[in-house]
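Asker: Please see the structure below; I have some questions.
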Amino acid sequence: MDAADATVEKLRAQCLSRGALGIQGLARFFRRLDRDRSRSLDSGELQRGLAELGLVLDTAEAEGVCRRWDRDGSGMLDLEEFLRALRPPMSQAREEVIAAAFAKLDRSGDGVVTVDDLRGVYSGRAHPKVRSGEWTEEEVLRHFLDNFDSSEKDGQVTLAEFQDYYSGVSASVDTDEEFVAMMTSAWQL
């Protein structure tokens, strides 16, 4: 294990020790630090931000983390990739139930969930904003879909994006049995 991996393991343990919202809280905090909406931080911003939360990295560790998750050679840490790396790996049982939920939504079977796919599974007619005339049913379904979409909302959710969303949820659920039961109930699998 190299130094950047060891640092991520250290941060993961510190986040998880904070309970269910440790990694999610860190994600929200980082997004607030990212004032220019670039979805990246330099090593100083990372180090200061983590210190505010009581998560301590020395300068070399912060620089190593930024180098590892620097997508474009700018010296900046890519927040989404870094947060994804912080999440603990999911078990096969969790991955399988996520894939089953995705398959239920992907009515066309093309590997991408769109509003048209959702229309075949769910109705937005009873949503309060549709009933009031504020939104159309299509807008309700699009907002629902956007929950699972990546930061670039394109109206299409891939299995990878769906898995990414649920890996964040998974980090806050202790046992596979609880996670599978939650997914089975939520998606009526």
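Asker: Quick one: Asp176 ticks every box in (1) modelled with pLDDT of 90 or more; (2) closer than 30 Å to Arg37 by Cα; (3) touching a helix residue (DSSP H, G or I) at 6+ places or on another chain (Cβ under 6 Å) bar one, so which box is it?
Answerer: Tallying (1) modelled with pLDDT of 90 or more; (2) closer than 30 Å to Arg37 by Cα; (3) touching a helix residue (DSSP H, G or I) at 6+ places or on another chain (Cβ under 6 Å), Asp176 fails exactly one: (2).
Asker: Same structure, new question: Show the residue pairs that are 6+ apart or on different chains and have beta-carbon atoms under 7 Å apart, the first residue being within the range 155-179 and in the same structural domain as Leu141 (by the TED database) and within 15 Å of Gln92 (Cα to Cα), the second being of a type in the set (A, V, I, L, M, F, W, C) and assigned to a loop (DSSP other than H, G, I, E, B).
Answerer: Taking only residues 6 or more apart or on different chains, the pairs are Ser167/Met90; Ser170/Met90; Phe179/Val173.
Asker: If you don't mind, another one. What helices (runs of 4 or more DSSP H) lie completely within the range 89-189 and have 1 or more residues being touching a Lys or Arg at 6+ places or on another chain (Cβ under 9 Å) and open to solvent by 20 Å² or more (accessible area, probe 1.4 Å)?
Answerer: Ranges flagged: 115-119, 128-131, 137-146, 159-170, 176-186.
Asker: Across the range 20-67, what is the number of residues that are in contact with a strand residue (DSSP E or B) (Cβ under 8 Å, 6 or more places away or on another chain), open to solvent by 30 Å² or more (accessible area, probe 1.4 Å) and among the charged types (D, E, K, R)?
Answerer: Qualifying residue count, the range 20-67: 2.
Asker: Output the qualifying pairs, or none if there are none: Cβ atoms under 7 angstrom, residues six or more apart or on different chains, first residue in the range 92-115 and farther than 18 Å from Phe144 by Cα and free of Cβ contacts under 8 Å to residues at least 24 places away in the same chain, second residue open to solvent by 10 Å² or more (accessible area, probe 1.4 Å) and not acidic (Asp, Glu).
Answerer: none
Asker: Another one. Cβ-Cβ under 8 Å, sequence separation 6+ or interchain: first residue in the range 39-64 and under 17 Å from Glu81 (Cβ atoms) and assigned to a helix (DSSP H, G or I), partner open to solvent by 60 Å² or more (accessible area, probe 1.4 Å) and hydroxyl-bearing (Ser, Thr, Tyr). Which pairs?
Answerer: From residues that are under 17 Å from Glu81 (Cβ atoms) and assigned to a helix (DSSP H, G or I), the pairs are Ser43/Thr59.
Asker: Of all residues in the range 69-95, which are touching a helix residue (DSSP H, G or I) at 6+ places or on another chain (Cβ under 6 Å) and of a type in the set (Ser, Thr, Tyr)?
Answerer: Ser91
The values are calculated or read from the model by the stated rules, or taken from the named source; none is laboratory data. These numbers come from a predicted model, not from an experiment. As a convention, Cβ positions derive from the backbone with ideal geometry for all residues, glycine included, and neighbour counts pool all protein chains shown. These accessible areas exclude ligands, DNA and RNA; they are computed on the full protein's heavy atoms, side chains included. Shrake-Rupley method; radii C 1.70, N 1.55, O 1.52, S 1.80 Å.
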